[in-house]
1. Once you have all Cα-Cα distances for the chain, histogram them in 5 Å bins from zero and send the whole-percent values.
2. How large is the accessible surface per residue of the chain, computed with a 1.4 Å probe and reported in Å² as a whole number?
3. Roughly how tilted is helix 102-111, in degrees to the nearest 10 and between 0 and 90, from the longest Cα axis of the chain?
4. Run the 1.4 Å probe and let me know the accessible area of W88, rounded to the nearest 10 Å².
5. Rounded to the nearest 0.05, what FRET efficiency do A151 and R179 give with R0 = 22 Å and r taken as the Cβ-Cβ distance? Could you check?
6. Roll a 1.4 angstrom probe over the protein heavy atoms and tell me the percent of accessible area of the stretch 3-176 that is carbon or sulfur.
7. Give me the accessible area of D96, 1.4 Å probe, in Å² rounded to the nearest 10.
8. Can you give the charge dipole size of the stretch 44-100 about its Cα centre, rounded to the nearest 20 debye, using +1 on the beta carbon of Lys and Arg and -1 on the beta carbon of Asp and Glu?
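The values are calculated or read from the model by the stated rules, or taken from the named source; none is laboratory data. Since the model is a prediction, treat every value here as computed from it, not as a measurement. Heads up, the Cβs are rebuilt from the backbone with ideal geometry, glycines too, and the neighbour counts pull from every protein chain shown. Only protein heavy atoms, including side chains, enter the accessible area calculation; ligands, DNA and RNA are left aside. Shrake-Rupley method; radii C 1.70, N 1.55, O 1.52, S 1.80 Å.
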Amino acid sequence: MNIVCIAWGSLLWKPQGLKLASGWHPGGPPLPLEFARQSDDSPELALVLCDTARLAPTYWAYVATGDLDEARAMVREREKITLDRPEWIGSIPAIDGAQEDSRIAAWLRARRIDAAVWTAVPPKFDGENGRVPTADEVVRWLDSRSGEQRAAAEDYIRRTPAHIDTCNRRAIQARLGWRPLREAHVTQAR
């Protein structure tokens, strides 16, 4: 079975335990993405799937396994998703509570790829899973970071590929001046 990982955020520049069998390729399925999740273990405001967001481009890479359970486990470990949240790892075929995504399914069929995995954590703000912050809340929260936390939050936003253009990203650029790094469009397997 050939399996790909669909990605849009930090997996592109730090796949860590996600073992890839190829580099990242542009042209993944367009998905609704937004900077809308406060991380539990870092000062980042993560780019996540958000039903109310406009579609944005994604990337894809072959995973170095032909076993869907192993591919899901790699994503779970990389993203530090607990075993009690299997639905936070998206996959096609959908298993362990994952929701089928028709956009990804159609993209896979068109490319004759057997399966896909992706990070499916929900938006989260002020400790509430599912809460989508407003652009003003996002900018205020990011602007309230200081020192190393602010530098890490800025780095995450700036490393995200420039063509992933979201409403919150526009507000961040306008008010904080955090523009994409010139090399942010370049991704590679590490």
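1. Histogram of Cα-Cα distances, whole percents per bin: 1, 8, 17, 22, 21, 16, 9, 4, 1, 0.
2. 49
3. Approximately 50 degrees, to the nearest 10.
4. About 40 Å², rounded to the nearest 10.
5. For R0 = 22 Å, the calculated efficiency reads 0.90.
6. 47
7. 90
8. Charge dipole, the stretch 44-100, about its Cα centre: 220 debye, nearest 20.
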